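Okay, structure first, notes after.
The values are calculated or read from the model by the stated rules, or taken from the named source; none is laboratory data. The model shown is predicted, which means the values in this text are computed figures rather than measured ones. Reconstructed Cβ throughout: ideal geometry from the backbone, glycine too, with neighbour counts over all protein chains shown.
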There are 2 protein chains.
Amino acid sequence: MPVDLEEWGVRKRAFWNRIWEDLEIGYLDKDLLPLLIELNLRPRTYTLSSCSGRITLVDSNKPWARRGTNVVFKKHSPITREELLRVVEEPCAEALWLIVSGPIIHASTASLREAVELLRIARRAGFKHSGVLSMHKVKGIVVEMLTGIKAIHIIKRGEDFVTPVSELSKVAAIANELLGDAKEALKKLVNEVRRSRPRRLDSFIVEDLWRRQYPFTP
Amino acid sequence: MPVDLEEWGVRKRAFWNRIWEDLEIGYLDKDLLPLLIELNLRPRTYTLSSCSGRITLVDSNKPWARRGTNVVFKKHSPITREELLRVVEEPCAEALWLIVSGPIIHASTASLREAVELLRIARRAGFKHSGVLSMHKVKGIVVEMLTGIKAIHIIKRGEDFVTPVSELSKVAAIANELLGDAKEALKKLVNEVRRSRPRRLDSFIVEDLWRRQYPFTP
């Protein structure tokens, strides 16, 4: 199933512009920026919604059940004991889970060869759970890059505590440590993508970076 | 990259025979058998190492770091409070994590078309994190089928408890509930694969099932 390069290219530019709009309105997960640039410099890749690693608190019977309303806390940097306490002291509808997630990167490629190359790069950087999610003539071949970095810890069910309040500073410390691993993994991926740059970069992206006066090492 | 069908077929038969050897020596995760049969009945698919969902206890600084030695408990069925207590009472070298994992199914397909079809089936069954892991002329196109079902809960770090012993029966109950979801997800996948059977089944597998007197609904 060959990808329609023209339509794919239109989408690449739209998603690229979105990154900079999101940055401007403070919506972008900033830790991602170096990686997003590096991936979009590849002529046959563009990036989709991604995450640099984060800590969330979810009020939900099952920790994987996501509705917009049940993420009660979200942060892409370390959590303080006070932040954690503030959420824990609120009443909880179902169960309160603290979740640390490693980086998740989604990219679309214009060819299967490029998708396989991204998977190899990702695996070299320790993103062992990476794979091709779907293939589409216009949307391209969607690759997910994923590590095994994860913790999903139950704090309380209703008001019945599994992890006592007295132990929450330990939980925050451990969560922050794991988040540190997530950010390290991300840096490793940026370096691996940079090391594997194709000979020709995407000239639209290169020029746009100049225009935006955004420093990048050629 | 076309798959070498002859070599691929040799591997399919070898992996198929291994399933029955593993069953005989009690090494097979038995809950998997209906799914393994259903997938192998597809002429262009065979199954690789898979798991029906399990509860493990891991003694490790980071819960994702796996060496053979640090899995101190593993069970594909519910854990009892006593089993959990027995492990928790032992001294712990680094940190003790209780991990509930949903089903993970690995399969090799002989074509990209078949891989994409498996991804569609998996997604219909709620295995939303499924993807193509790698492509290889002889090993085929490797597909991973994965749900979001997971919990990774810290019990203690060294002998410093985050979850007190008094709360461990709650932890066991919650873990068993999540494991129940894992087994339900597996059943849903079996049904979805059965519903999507191709018109022609793999005649070698069909005949071998007759020979083994293993009941299957044609």
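Residue pairs whose Cβ atoms lie under 7 Å apart, sitting 6 or more positions apart in sequence or on different chains, and linking a residue in the stretch A:20-44 that is on the phi > 0 side of the Ramachandran plot to a partner that is surrounded by fewer than 21 Cβ atoms within 10 Å (Cβ to Cβ) and among the hydroxyl-bearing types (Ser, Thr, Tyr), do not occur here.
Scanning the stretch A:112-152 for residues that are in a loop (DSSP other than H, G, I, E, B) and within 12 Å of chain B (Cβ to nearest Cβ) yields a total of 8. For the stretch A:188-204, the condition holds for at least one residue, the condition being that it is in a helix (DSSP H, G or I), out of contact with any Phe, Trp or Tyr (no Cβ under 8 Å at 6 or more places or on another chain) and closer than 28 Å to B:SER101 by Cα.
Matching residues to (1) at pLDDT below 95; (2) closer than 26 Å to B:VAL165 by Cα; (3) within 14 Å of another protein chain (Cβ to nearest Cβ); (4) surrounded by fewer than 17 Cβ atoms within 10 Å (Cβ to Cβ):
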{"position": "B:GLU38", "(1), (2), (3), (4)": "no, no, no, no"}
{"position": "B:LEU41", "(1), (2), (3), (4)": "no, no, no, no"}
{"position": "B:SER49", "(1), (2), (3), (4)": "yes, no, no, yes"}
{"position": "B:VAL58", "(1), (2), (3), (4)": "no, yes, yes, no"}
{"position": "B:GLY68", "(1), (2), (3), (4)": "yes, no, no, yes"}
{"position": "B:PHE73", "(1), (2), (3), (4)": "no, yes, no, no"}
{"position": "B:LEU85", "(1), (2), (3), (4)": "no, yes, no, yes"}
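Scan the stretch A:156-199 for residues that are at the interface with another protein chain (Cβ under 10 Å from one of its Cβ atoms) and among the aliphatic types (A, V, I, L, M) and the total you get is 7. Taking the condition basic (Lys, Arg) and away from chain A (no Cβ under 14 Å), does B:LYS62 pass? Spelling it out, it is not the case that B:LYS62 is basic (Lys, Arg) and away from chain A (no Cβ under 14 Å). Please specify each residue of the stretch B:87-104 satisfying the condition of being more than 20 Å from B:ALA182 (Cβ to Cβ) and touching a Cys at 6+ places or on another chain (Cβ under 9 Å). Hits for the stretch B:87-104: nothing passes.
Residues of the stretch B:153-185 that are assigned to a strand (DSSP E or B) and in contact with a strand residue (DSSP E or B) (Cβ under 6 Å, 6 or more places away or on another chain): B:HIS153, B:ILE154, B:ILE155, B:LYS156, B:ARG157.
Under the condition of being under 22 Å from the mean Cα position of the chain (by Cα) and touching a residue at least 40 places away in the same chain (Cβ under 8 Å), the residues counted in the stretch A:85-119 number 17.
Per-residue answers, yes or no, for (1) crowded, with 16+ Cβ neighbours inside 10 Å; (2) within 18 Å of the chain's Cα centre (by Cα); (3) within 20 Å of A:LEU48 (Cβ to Cβ):
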| residue | (1), (2), (3) |
| --- | --- |
| A:VAL142 | yes, yes, yes |
| A:ARG157 | yes, no, no |
| A:PHE161 | yes, no, no |
| A:ALA173 | no, no, no |
| A:LEU209 | yes, no, yes |
